[in-house]
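The values are calculated or read from the model by the stated rules, or taken from the named source; none is laboratory data. Computed from a predicted structure; not experimentally measured. Neighbour counts run over all protein chains shown; Cβ positions are idealised from the backbone, glycine included.
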């Protein structure tokens, strides 16, 4: 494919629709796992995806040129999940079931591997062990497993099942991956499939995929959730409906140009920084193929909600600390106005619309080289408007590309300095001019330079920080402090 066309394709599909770039084609993706600096996810059919940065994805088979060896397992599997336990990776997956081949007699199996890297001599899956099964006659289907290691007890749980009957809960041994108690199995939900269990702030959450799958652009998949104080349930939604009776609060449905969201997975990046992964059954910009998507995971009143991917556009960057705007440190230029004494208004005079101040009105007084950056009252002025441009055709980070932040209409871009300060200068493409923008669980944003001059490696610690009401600097990220948090206000209507 022509490189220019490929770059354009990435920009159009990834930024407007929110899917990943490269070849992110997968169905029933597992929760994303990290191994030796790479990211992995596994899907139905034995395939999988791998990424060096979490943004550009490729088929796992590309990791071993000339080989059709699956990144998951020889012979394939259905709807797997993956979990790192100690220094090993536990994989759980379904074999048949789900109506595949016309039946619901399925098996759930587990196996171990020391690494997920196909090129490693240590890459070898252990012999699979059956932990659950269905005979195709009862109202239960052994497929679509999800794993939870309970952080409060250290116990390992698995939920599985489809629309054909119930979602069932069993317990596994975190040391062996085998079933702990063959007699314990509990029905916890109906009317969903592809479930996942997570824990947060004293609550257990059951995420289930509702709707119809495997019908391309006509698939109605969406992800719903219930919560409980006990891992065994009952899992109730926001109006008190039990998921065992069909309840569930919406987490994500169709979005942009993609439909059929299913197979939830949660990844905690940092304190207050979480993402969710899923597939969309059909990306309308990619021939209706099933694709991997990664979204910010927000928490609103104790409920998980999928955030939206950051879109290119003009924004005011507003500090959560006080509500001041990030801006160029330039002289304030007054706007012309015919003044009227407010106590002597002539109500017979026709009203006039006063235009916004334009960049051309003020840029002549700006320095030609670097300009300092500060925070101040937001006044809808050109020196306060930033164009955010996601660089979709370059390496990114988990779920997103890096961005360029430019004073709208000018050549001044935000950059980090060796002194942990900020400046606006001409864009050169250097790493200190590229920014990692992540939506936090409370809806605000963390903004971090890819690199700080004079330091080694990529920056993952220092963020845009409001040290004082008017003083933005770079400082260690602290989710508990509003100094680390920013809001993005669209300003298109102010142009």
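Worth pointing out:
- Set 146, 154: member being modelled with pLDDT of 95 or more, closer than 23 Å to residue 33 by Cα and surrounded by fewer than 18 Cβ atoms within 10 Å (Cβ to Cβ): 154
- Test: residue 233 is over 14 Å from residue 279 (Cα atoms), touching a residue at least 12 places away in the same chain (Cβ under 8 Å) and in contact with a helix residue (DSSP H, G or I) (Cβ under 9 Å, 6 or more places away or on another chain): yes
- Flag for residue 131 being over 25 Å from the mean Cα position of the chain (by Cα), surrounded by fewer than 22 Cβ atoms within 10 Å (Cβ to Cβ) and assigned by TED's automatic domain parsing to the domain that holds residue 300: no
- Residue within region 301-311 that is part of a strand (DSSP E or B) and farther than 30 Å from residue 229 by Cβ present: no
- Filtered residue count, region 48-82, keeping only those that are assigned to a loop (DSSP other than H, G, I, E, B), within 18 Å of residue 120 (Cα to Cα) and at pLDDT 65 or above: 1
- Output for region 333-350, where each listed residue is free of Cβ contacts under 8 Å to residues at least 12 places away in the same chain and closer than 21 Å to residue 380 by Cα: 334, 336, 339
- The strands (runs of 3 or more DSSP E) located wholly in region 378-495 that include 1 or more residues which are in contact (Cβ under 8 Å) with a residue 24 or more places away in the chain and more than 18 Å from the chain's Cα centre (by Cα) occupy 386-390, 403-407, 412-416, 422-426, 445-449, 462-468, 471-476, 486-490.
- Among the residues of this structure, residue 252 does not count as one that is in contact with a strand residue (DSSP E or B) (Cβ under 8 Å, 6 or more places away or on another chain), closer than 30 Å to residue 385 by Cβ and crowded, with 19+ Cβ neighbours inside 10 Å.
Residue by residue, here is whether (1) at negative phi; (2) surrounded by 17 or more Cβ atoms within 10 Å (Cβ to Cβ); (3) assigned to a strand (DSSP E or B) holds:
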{"position": "321", "(1), (2), (3)": "yes, yes, no"}
{"position": "331", "(1), (2), (3)": "yes, no, no"}
{"position": "335", "(1), (2), (3)": "yes, no, no"}
{"position": "340", "(1), (2), (3)": "yes, no, no"}
{"position": "347", "(1), (2), (3)": "yes, no, no"}
{"position": "352", "(1), (2), (3)": "yes, no, no"}
{"position": "357", "(1), (2), (3)": "yes, yes, no"}
{"position": "373", "(1), (2), (3)": "yes, yes, yes"}
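- In region 124-143, the count of residues that are under 25 Å from residue 228 (Cα atoms), modelled with pLDDT under 95 and assigned to a strand (DSSP E or B) is one or more.
- Scope region 84-114; condition at negative phi, surrounded by fewer than 22 Cβ atoms within 10 Å (Cβ to Cβ) and either assigned to a strand (DSSP E or B) or modelled with pLDDT of 95 or more (or both); matching residues: 84, 85, 87, 88, 89, 95, 107, 111, 112, 113, 114
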